[in-house]
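Novice: Okay, here's the structure, questions in a sec.
The values are calculated or read from the model by the stated rules, or taken from the named source; none is laboratory data. All of these numbers come straight from a predicted model, not from anything done at the bench. Backbone-built Cβ (ideal geometry, glycine too); neighbour counts: all protein chains shown. SASA here: full protein model, heavy atoms, side chains in, ligands and nucleic acids out. Shrake-Rupley method; radii C 1.70, N 1.55, O 1.52, S 1.80 Å.
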Amino acid sequence: MTGKDLLDRLNSPKAAELFSLLYGEGEVDAARQRYRRLICEFPEAAGELRLFSVPGRTELGGNHTDHNRGKVLAASIQLDAVAAATPRQDTRVFFRSAGHRDVSVNISELSPQEEEKGDTEALIRGIAAEFAAQGTPVKGFTAHAANAVQTGSGLSSSAAVEILFAKIFDSLYCGGNRSALELAIIGQKAENVYFGKPCGLMDQAACASGGAVAIDFGDSQNPQVRTIAFDPAAKGFALCVVNTRGSHSQLIPDYAAIPIEMKEAAAFFGKQALRDVDEDTLLSRIGELRKAAGDRAILRALHFFGENRRVDAMLSAIEVMNTQSAAMENFLALVNESGDSSWQLLQNIYSPKNPGEQGLSLALALTKKFLGGGSPLGALRGACRVHGGGFAGTIQTYLPFERLDDYRTLMEGVFGKGALVVLKVRSLGAVELEL
């Protein structure tokens, strides 16, 4: 389909229905304008042109559990990375994204390049290499993109872009038949091996899958992904993130230390991941474990065990939310427990290298006070927790819609205009738009 054909179809009822699913009923006109700009700015619009969308994600439960084969809850959101792409007959990928430098990669060479680590080129090369390793070599493409998932927002902008690349390759050259989980694994391998970041699989799986998902990584070769119905707005609660706009520079060692220390605790018991360690056994040998792995590794292990149980409890609360009036309150109590555990045990609220910068701590403290934590009864009407990797970035908050404006005023007064974003759970994951 040419760019002109796509422009004509943006105004069709089918496009309106699709945009409503992706972004919400009130955002159809804005979506049309966004895709129109993307198509019109594409110099090769006269040739074959295809449209793609991959959402960001919000983590609902399971903070830093995926890398030790734990359990997580996550959901794709209405903020997404979109691209107009056309296939090429050579092996060059040219990628342009608004607000970022142009990227050009020749994927005829598929081995990791040391100088590309930490750059977009590494992700493209790594994803192409994984397709080739699976017996489906790919050619290049030209793509122009726009990413509404802001970098550093804690909503997995990098995972959204990884899955965007994987979806484009798969659709252009492999029939578009790979499952969401297969695309997620391809993206994760590229980030681990080529980009150089030891991430888990949650972000990629949530971005690729769509809707709210419960993921069990107990079998690392075959994670179990289950779609669940979850809509806090239907219960009168806004789901928000607050971007504290802290610096993410030099934080990779902090992120990497969490899975490393958890696995050191597991290794003491002859296991590769904490999922295989019995908590009571660990508690019975803490004295020995302190000498072998250190106190923080133990605390992080205790977070892992508790967080895995909370994910099960949160899932149970979600599954009865439509029939039991207390289920939402139970869910919110578990969200608060998760946040407290991340703060006290996991210790990913600020970097120990820079204790003077504690935006997440400040945002959480202010939110707890706002939600009622300072009242005589100490009961919070809502919930908050660190969101995602931590150390800088965002917190997640649930609060009644009638208090949203006041909360926005408070948070943006501290962290700047636009710091608060209200999220909607999006039902579609990585898609090629069929208009």
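Novice: List the helices (runs of 4 or more DSSP H) that sit entirely inside segment 208-309 and contain at least 1 residues that are among the aromatic types (Phe, Trp, Tyr) and in contact (Cβ under 8 Å) with a residue 40 or more places away in the chain.
Specialist: Numbers: elements: 252-268, 279-284, 286-293.
Correct list: 252-268.
Novice: Additional query: Out of the residues in segment 19-44 that are open to solvent by less than 50 Å² (accessible area, probe 1.4 Å) and in contact with a strand residue (DSSP E or B) (Cβ under 8 Å, 6 or more places away or on another chain), state the one that is farthest from Leu155 (Cα to Cα). Let's see the steps before the verdict.
Specialist: First, the residues of segment 19-44 that are open to solvent by less than 50 Å² (accessible area, probe 1.4 Å): 19-20, 22-24, 28, 31-32, 34-35, 38-39, 42.
The next check asks that each one be in contact with a strand residue (DSSP E or B) (Cβ under 8 Å, 6 or more places away or on another chain); those that pass are 22-24, 34-35, 38-39, 42.
Details: Leu22: 16, Tyr23: 16, Gly24: 18, Arg34: 20, Tyr35: 22, Leu38: 22, Ile39: 26, Phe42: 27 Å.
Here the residue is Phe42.
Novice: List the residue pairs whose Cβ atoms are under 9 Å apart, where the first residue sits in segment 339-368 and is among the basic types (Lys, Arg), the second is assigned to a loop (DSSP other than H, G, I, E, B), and the two are 6 or more positions apart or on different chains.
Specialist: Partner pairs satisfying both residue conditions: Lys353/Gln250; Lys353/Leu251; Lys368/Gly374; Lys368/Leu380.
Novice: Just to be sure, is Ala256 under 25 Å from Leu332 (Cα atoms) and out of contact with any helix residue (DSSP H, G or I) (no Cβ under 6 Å at 6 or more places or on another chain)?
Specialist: no
Novice: Any residue at all in segment 57-78 that is part of a helix (DSSP H, G or I), charged (D, E, K, R) and within 30 Å of Asn222 (Cβ to Cβ)?
Specialist: Going through segment 57-78, the residues part of a helix (DSSP H, G or I) turn out to be 66-68.
After this cut, where a residue has to be charged (D, E, K, R) as well, the list is 66.
If we keep only those that are within 30 Å of Asn222 (Cβ to Cβ) as well, we get 66.
Yes, some residue in segment 57-78 is part of a helix (DSSP H, G or I), charged (D, E, K, R) and within 30 Å of Asn222 (Cβ to Cβ).
Novice: Another question, then. Mind telling me which of the residues Leu346, Leu360 ends up being in contact with a helix residue (DSSP H, G or I) (Cβ under 6 Å, 6 or more places away or on another chain) and within 18 Å of Gly154 (Cβ to Cβ)? Show your work before the answer.
Specialist: Working: Leu360 fails: in contact with a helix residue (DSSP H, G or I) (Cβ under 6 Å, 6 or more places away or on another chain).
After applying the criteria, what remains is Leu346.
Novice: OK, next. Considering every residue within segment 322-334, establish whether at least one is in a helix (DSSP H, G or I), in contact (Cβ under 8 Å) with a residue 12 or more places away in the chain and within 22 Å of Arg69 (Cα to Cα). Walk me through how you get there before you give the answer.
Specialist: Filtering segment 322-334 for residues in a helix (DSSP H, G or I) gives 327-334.
Next, from what is left, pick out any that are in contact (Cβ under 8 Å) with a residue 12 or more places away in the chain: 328, 330-334.
Subsequent filtering for residues that are within 22 Å of Arg69 (Cα to Cα) retains 334.
For segment 322-334, residues in a helix (DSSP H, G or I), in contact (Cβ under 8 Å) with a residue 12 or more places away in the chain and within 22 Å of Arg69 (Cα to Cα): present.
Novice: Taking Arg275 as the residue in question, decide whether it is open to solvent by 40 Å² or more (accessible area, probe 1.4 Å), touching a Gly at 6+ places or on another chain (Cβ under 8 Å) and not aliphatic (A, V, I, L, M).
Specialist: Working: open to solvent by 40 Å² or more (accessible area, probe 1.4 Å): yes; touching a Gly at 6+ places or on another chain (Cβ under 8 Å): yes; not aliphatic (A, V, I, L, M): yes.
So Arg275 fits the description; yes.
Novice: With the condition kept exactly as written, say whether any residue in segment 53-60 is open to solvent by less than 40 Å² (accessible area, probe 1.4 Å), farther than 30 Å from Leu346 by Cβ, more than 17 Å from the chain's Cα centre (by Cα) and not basic (Lys, Arg).
Specialist: To start, the set of residues in segment 53-60 that are open to solvent by less than 40 Å² (accessible area, probe 1.4 Å) comprises 53-60.
The next check asks that each one be farther than 30 Å from Leu346 by Cβ; those that pass are 53.
Right, trim to more than 17 Å from the chain's Cα centre (by Cα) and you get none.
Checking segment 53-60: not a single residue is open to solvent by less than 40 Å² (accessible area, probe 1.4 Å), farther than 30 Å from Leu346 by Cβ, more than 17 Å from the chain's Cα centre (by Cα) and not basic (Lys, Arg).
Novice: Among (1) over 13 Å from the mean Cα position of the chain (by Cα); (2) over 21 Å from Arg50 (Cα atoms); (3) at pLDDT below 95, which single condition is Gly152 missing?
Specialist: (1)
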